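Engineer: The structure that follows is given in the form of structure tokens.
The values are calculated or read from the model by the stated rules, or taken from the named source; none is laboratory data. Worth saying up front: this structure is predicted, and the values here are computed from it rather than measured. Note that we place each Cβ from the backbone using ideal geometry, even for glycine, and neighbour counts take in every protein chain shown.
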Amino acid sequence: MKTEDINGLNTAIIESNLTESDIREIRESVEGLWIKPTSPDFFIETPLCVPLLKKIFIQDCSQSWSEIIKVSHYETLQNLVVSNSLHFFENIELLGILPSMTSIIITNQPVEEKLAHWICSQPNLIKLRLNRETGVTDSVIASLSCKETLRLLDVSFSDVTFSDNVMNDVAFNYVRYLGVSATRVSSQSVEVIRSAFPNLECFMGWNTALTLDDVKKIATWKKIVRLMTDMPEVDFDRYPYDLWIT
């Protein structure tokens, strides 16, 4: 194990089985965990005590959340990133609501029903990325409990369409960044998106069914300052800083 300062957090990078010294250091000073096993023999025998926990990054791991970290220490978790780790979310419904959680990123694995319900129950999310083979649909987005806090939503490479029959009367008034690349978003989605996300500043939509006329229409929305699609003749970036990413 080694530790690094990553985005201001003392982060333990774990690739192999832990020693007693590693476990003690995690308990005493670690704020973030980056678990990316390099061996099939990797295994955390006892859930880790991480009282200062703020961020977890799980990559290519075969253990569940309850096997990795002591359950009570998830209460301070703010940021969760999971990629290609199907077993991590086993029985996730037992974890319940995490009031401190502000960011969830899940990529390269399906978001199944129980996980979708758990995500939808989190009330204070600011950033949500469910992209790359998650299978997320309009119904999941419409059911989110974080409509009054969410600022960034990225559902690229998912199954969303933003159809009127599901998203009708749904409003995310504070979302500034929307990513819909490689989805089934089409001409029928444009007015639905405008209604559901009235304060968009950044729209990212490569490889969709949007037409040139659709993109031109989006370009006229009053608050849009960054537009990135397959239409370079219309796209623009009037604000060079990634306010939506932080």
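Engineer: Considering Leu48, Leu33, Leu77, which residue is touching a His at 6+ places or on another chain (Cβ under 9 Å), among the hydrophobic types (A, V, I, L, M, F, W, C) and closer than 24 Å to Gly96 by Cβ?
Structural biologist: Checking each option against the conditions leaves just Leu48.
Engineer: Name the single residue, out of those in segment 43-55 being closer than 22 Å to Asn84 by Cβ and out of contact with any helix residue (DSSP H, G or I) (no Cβ under 8 Å at 6 or more places or on another chain), that is surrounded by the most Cβ atoms within 10 Å (Cβ to Cβ).
Structural biologist: Within segment 43-55, the match that is surrounded by the most Cβ atoms within 10 Å (Cβ to Cβ) is Lys55.
Let's see how each residue does on (1) at pLDDT below 95; (2) among the charged types (D, E, K, R); (3) in contact with a Ser or Thr (Cβ under 9 Å, 6 or more places away or on another chain):
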| residue | (1), (2), (3) |
| --- | --- |
| Leu128 | no, no, yes |
| Leu150 | no, no, no |
| Leu153 | no, no, no |
| Val160 | no, no, yes |
| Met167 | yes, no, yes |
| Arg176 | no, yes, no |
| Gln188 | no, no, yes |
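Engineer: Could you please give the count of residues in segment 45-85 that are part of a strand (DSSP E or B) and out of contact with any Lys or Arg (no Cβ under 6 Å at 6 or more places or on another chain)?
Structural biologist: Counting residues in segment 45-85 that are part of a strand (DSSP E or B) and out of contact with any Lys or Arg (no Cβ under 6 Å at 6 or more places or on another chain) gives 10.
Engineer: OK, next. In segment 174-188, what residues are closer than 19 Å to Leu212 by Cβ and more than 16 Å from the chain's Cα centre (by Cα)?
Structural biologist: Ala182, Thr183, Arg184, Val185, Ser186, Ser187, Gln188
Engineer: Which ones in segment 173-214 are surrounded by 15 or more Cβ atoms within 10 Å (Cβ to Cβ) and either among the charged types (D, E, K, R) or not assigned by TED's automatic domain parsing to the domain that holds Leu153 (or both)?
Structural biologist: Scanning segment 173-214 gives Arg176, Arg184, Glu201, Asp214.
Engineer: Within segment 184-232, count every residue that is farther than 23 Å from Arg132 by Cβ, of a type in the set (Gly, Ala, Ser) and touching a helix residue (DSSP H, G or I) at 6+ places or on another chain (Cβ under 7 Å).
Structural biologist: Count: 1.
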